[in-house]
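**Q** Sharing a structure below in C-alpha cells format, with a few things to ask.
The values are calculated or read from the model by the stated rules, or taken from the named source; none is laboratory data. All values reported here derive from a predicted model rather than from experimental measurement. Every residue, glycine among them, receives a Cβ derived from its backbone with ideal geometry; neighbour counts consider all protein chains shown.
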Amino acid sequence: MNKQNLLSLLSNHHLFTLRLLLSLLGTYIGYSYRHTSHDYWFAMMFLFTVIAIAPGYYQFKQHGDNLKAFTSRLLHWTGGLGAAIVVYAYHGSGRIFHEEAGLIVLLILALTTYLDGIQTGWRGIFTGLFLGLITVCVAYFDNYIWQLIALAAAAIAYSYYHAVDCSPT
C-alpha cells in the first residue's frame, strides 16, 4: 500500500465512518444478543483505541514530531481501556451481569471517544455522543435501530460534504 492510499484511509472522514458503522453493528448486537454484547463492546474498546492512535503513530513515524500529542492520546485511550478491563474483570468474577457489563463498557467507550473528540474535532465528539445515545437506547427503549441508522447516515453525509481536510488527525 502506498503512502497516498494510507493517508486516504486514515482521513478524518473515513475513520469517522468506520466508527459509526462499528457502532451501528454494536447497536444491532446489543438489540439482538444482549447477553453477548459485552464481548463486542470490549473488543470495540480495543479497536477504537487502535483507530484513534493509528493516525498519530503514522504521523510520528513519518515526521518524528508531535511525540507529546501522540503520547497524550495513547495515555488517554489506555486509561479508557484500563477502565474497560476492570469492568470486564468484575463481570468475570460475577460481580456484574452480562447486560450491565456491556452497558458500562459502552459508556466508557462513549466517554473516552467524546473526550478524545474535544482534542480532535467534531467527528469524535459526535461519535462519543452517538455511543452515549446507543447506551440510553439499549437500556430504555425497544425500537431504536432505524432511528440510529438514519442519524448515522445523516452524520456520514454531512461529514462527506464537509470534509475540508483528508489528513490524519
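**Q** Among the numbered criteria (1) in contact with a helix residue (DSSP H, G or I) (Cβ under 6 Å, 6 or more places away or on another chain); (2) in a helix (DSSP H, G or I), which one does residue 96 miss?
**A** Among (1) in contact with a helix residue (DSSP H, G or I) (Cβ under 6 Å, 6 or more places away or on another chain); (2) in a helix (DSSP H, G or I), residue 96 violates only (2).
**Q** Same structure again: Assuming residue 78 fulfils every condition listed in (1) of a type in the set (S, T, N, Q); (2) out of contact with any Gly (no Cβ under 7 Å at 6 or more places or on another chain); (3) in contact (Cβ under 8 Å) with a residue 60 or more places away in the chain apart from one, which condition is it?
**A** (3)
**Q** Do any residues in segment 109-120 that are part of a helix (DSSP H, G or I) have Cβ atoms under 8 Å from those of residues that are surrounded by fewer than 19 Cβ atoms within 10 Å (Cβ to Cβ) and β-branched (Val, Ile, Thr), where the two are at least six apart or on different chains, and which pairs are they?
**A** Correct list of pairs: 114/125; 117/125; 118/125.
**Q** Can you confirm whether residue 139 is among the aliphatic types (A, V, I, L, M), in contact (Cβ under 8 Å) with a residue 12 or more places away in the chain, buried (at least 19 other Cβ atoms within 10 Å of the Cβ) and part of a helix (DSSP H, G or I)?
**A** So residue 139 does not fit the description; no.
**Q** Which of the numbered conditions does residue 86 fail, given that it passes all the others? Conditions: (1) among the hydrophobic types (A, V, I, L, M, F, W, C); (2) more than 15 Å from the chain's Cα centre (by Cα); (3) crowded, with 21+ Cβ neighbours inside 10 Å.
**A** It fails just one condition, (3).
**Q** For segment 13-30, check the following and say yes or no: at least one residue is of a type in the set (Lys, Arg) and either surrounded by fewer than 15 Cβ atoms within 10 Å (Cβ to Cβ) or at pLDDT below 95 (or both).
**A** No.
**Q** Listed residues 126, 70; which is in a helix (DSSP H, G or I), touching a Phe, Trp or Tyr at 6+ places or on another chain (Cβ under 7 Å) and over 18 Å from residue 40 (Cβ atoms)?
**A** Just a single option satisfies the conditions, and that option is 70.
**Q** Identify the single condition in (1) of a type outside the set (Val, Ile, Thr); (2) within 18 Å of residue 25 (Cα to Cα); (3) surrounded by fewer than 21 Cβ atoms within 10 Å (Cβ to Cβ); (4) in contact with a Lys or Arg (Cβ under 8 Å, 6 or more places away or on another chain) that residue 119 does not satisfy, given that it satisfies every other one.
**A** The number of the failed condition is (2).
**Q** Still on this model: Mind checking which residues of segment 97-111 are surrounded by fewer than 18 Cβ atoms within 10 Å (Cβ to Cβ) and at pLDDT below 95?
**A** 97, 98, 99, 100
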